[in-house]
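Working notes for the structure below.
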Amino acid sequence: MLFLQGSRDALADLKLLKPLCSKIGKPAELFVVEGGDHSFHMLKSAGRPDAEVLDEVVQKAAAWMAEVS
């Protein structure tokens, strides 16, 4: 299981998700986009455009899928 999570995501609290991933163990991997919200949107002050962040998320997901298949 791959969890893709923005650190500012108001719909899924990292304080709950991190322990859950730890409890699940090896099958779970948590990838946190620092500064991202539920849609991985970044604040302008972060200095990272959304397209760059989405590319990072896609690369992570593709690498994870290649690894588990």
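The values are calculated or read from the model by the stated rules, or taken from the named source; none is laboratory data. On a predicted model such as this, the values are computed, not experimentally measured, just so you know. With ideal geometry, Cβ positions are generated from the backbone for all residues, glycine too; neighbour counts draw on all protein chains shown. Protein only, heavy atoms only, side chains kept; ligands, DNA and RNA dropped before computing areas. Shrake-Rupley method; radii C 1.70, N 1.55, O 1.52, S 1.80 Å.
The number of residues in region 42-55 being among the small types (Gly, Ala, Ser) and under 16 Å from Asp9 (Cα atoms) comes to 1.
Look at region 25-41: where a residue is under 10 Å from Asp9 (Cα atoms) and a partner is among the acidic types (Asp, Glu), sitting 6+ places away or on another chain with Cβ atoms under 8 Å, you get Val33/Glu56; Gly36/Asp9; Asp37/Asp9; His38/Asp9; Phe40/Asp50; His41/Asp50. Looking at this structure, is Met1 more than 14 Å from the chain's Cα centre (by Cα), at pLDDT 95 or above and not aromatic (Phe, Trp, Tyr)? No, not satisfied.
The set of residues from region 12-61 being of a type in the set (Gly, Ala, Ser), more than 13 Å from the chain's Cα centre (by Cα), under 19 Å from Met1 (Cβ atoms) and open to solvent by less than 70 Å² (accessible area, probe 1.4 Å) comprises just one member, Gly25. Applying the set (1) without any contact (Cβ under 8 Å) to a residue 40 or more places away in the chain; (2) charged (D, E, K, R); (3) in contact with a strand residue (DSSP E or B) (Cβ under 6 Å, 6 or more places away or on another chain) to Lys60 leaves exactly one unmet item: (1).
For region 2-23, check the following and say yes or no: at least one residue is part of a loop (DSSP other than H, G, I, E, B), at positive phi and free of Cβ contacts under 8 Å to residues at least 24 places away in the same chain. Checking region 2-23: not a single residue is part of a loop (DSSP other than H, G, I, E, B), at positive phi and free of Cβ contacts under 8 Å to residues at least 24 places away in the same chain.
Restricting Asp9, Asp37 to those that are modelled with pLDDT of 95 or more, touching a His at 6+ places or on another chain (Cβ under 6 Å) and acidic (Asp, Glu) reduces the list to Asp9.
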